[in-house]
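Structure record follows, encoded as structure tokens.
The values are calculated or read from the model by the stated rules, or taken from the named source; none is laboratory data. Everything quoted here is computed from the prediction, not taken from an experiment. Note that each Cβ is placed from the backbone with ideal geometry, even for glycine, and that neighbours are counted across all protein chains shown.
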Amino acid sequence: MSSHDEDSSYHIPVLRDRAIDLVLTRPDGIYVDGTLGGGGHTAALLARLDAHGRVFGFDQDADALRHCAQRFATDPRLTLIHENVAQIGSVLAAHEVKSIDGLLLDLGVSSHQIDIPERGFSFRFDGPLDMRMNHDATMTAAELIATSSEAELARILFTYGEERQSRRIARTLAQAGSIESTSRLREVVTAVVSPAHVNKTLARVFQALRIAVNNELDVLERTLRDALDLLAVGGRLVVISYHSLEDRMVKLFLRQAARNCVCPPTLPVCVCGTVARVKILTTRHIEADDDEVRGNQRARSARLRAGEKIHA
């Protein structure tokens, strides 16, 4: 099978080898890369599968699908899926796949998406305030700001960006009129925050709007739940996240799935019958080492967690 040459022009995969070591349990298994991107993790996975192994690569971004269609054109083991991974259950059912041996999620935004000004993900470039990962989605970041109340904007900034000045910034956004570009959003935010903190504040504001536009936390919650049902016993879930909201959600999900009893401690015996479905493989999250961070700054904030299904 093709080894698929390393391609960092689209996106450099983070924690690639650690992720593949954890997710792969059998070379002839069925795996899902739920965040295909440039195909870096998928290439590493395919390199370790035999001729009977299969990978389903999900991405809602048409750019990623076009890139990977060329990169993996000669490999019949990979099926590309132009769909949000939250649809994993129905998509795999349509392909007559009843269970999988592993799911890998590399959350957040890809380097390619950030570096294309027209996508509107970065305050470093001037472009339309879009932020949609799926071009077919209806709500852009500009439309979100225009149609949200001041209170809703404050909630978005505080909940998804963990921004302490959320109310002040939301008031300014609500009063600023039309905000159609990334440069205009940067201008509005910069006017009301301290110069010493402006870059971190902008990062939090852009992150919050991106998460809201793409409904990312709801998608993650649904994907984790459905993936656990789809995993075969012995199958593994591996998630790489980049901010505390995602990492906390994954950690709590694994902890809950690893519990044997959820009865109140006042009860003398268990009456709930709950059996742990997951064994946590990462007692503490895994981080990139210094060498990887030097070669890819995006790896600096990466947190990897993994679990293995132990009960149907």
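With the structure loaded, tell me whether L173 is under 25 Å from the mean Cα position of the chain (by Cα) and in contact (Cβ under 8 Å) with a residue 24 or more places away in the chain or whether it fails that test. No.
The condition of being closer than 30 Å to T138 by Cβ, assigned to a helix (DSSP H, G or I) and among the aliphatic types (A, V, I, L, M) holds for A69. Looking only at residues of segment 46-88 that are charged (D, E, K, R) and more than 18 Å from the chain's Cα centre (by Cα), we find that the one that is farthest from A19 (Cα to Cα) is R66.
The single condition among (1) closer than 19 Å to R300 by Cβ; (2) small (G, A, S); (3) not assigned by TED's automatic domain parsing to the domain that holds V32 that S241 does not meet is (3). Here is the figure for segment 80-104: residues that are in a loop (DSSP other than H, G, I, E, B) and not β-branched (V, I, T) total 7. Within segment 113-152, the residues that satisfy the criterion of being over 16 Å from R186 (Cβ atoms) and either part of a strand (DSSP E or B) or touching a Leu at 6+ places or on another chain (Cβ under 7 Å) (or both) are T140, L144.
Of the residues making up segment 280-302, those that are within 22 Å of T25 (Cβ to Cβ) and either in a loop (DSSP other than H, G, I, E, B) or in contact (Cβ under 8 Å) with a residue 60 or more places away in the chain (or both) are L281, T282, T283, R284, H285, I286.
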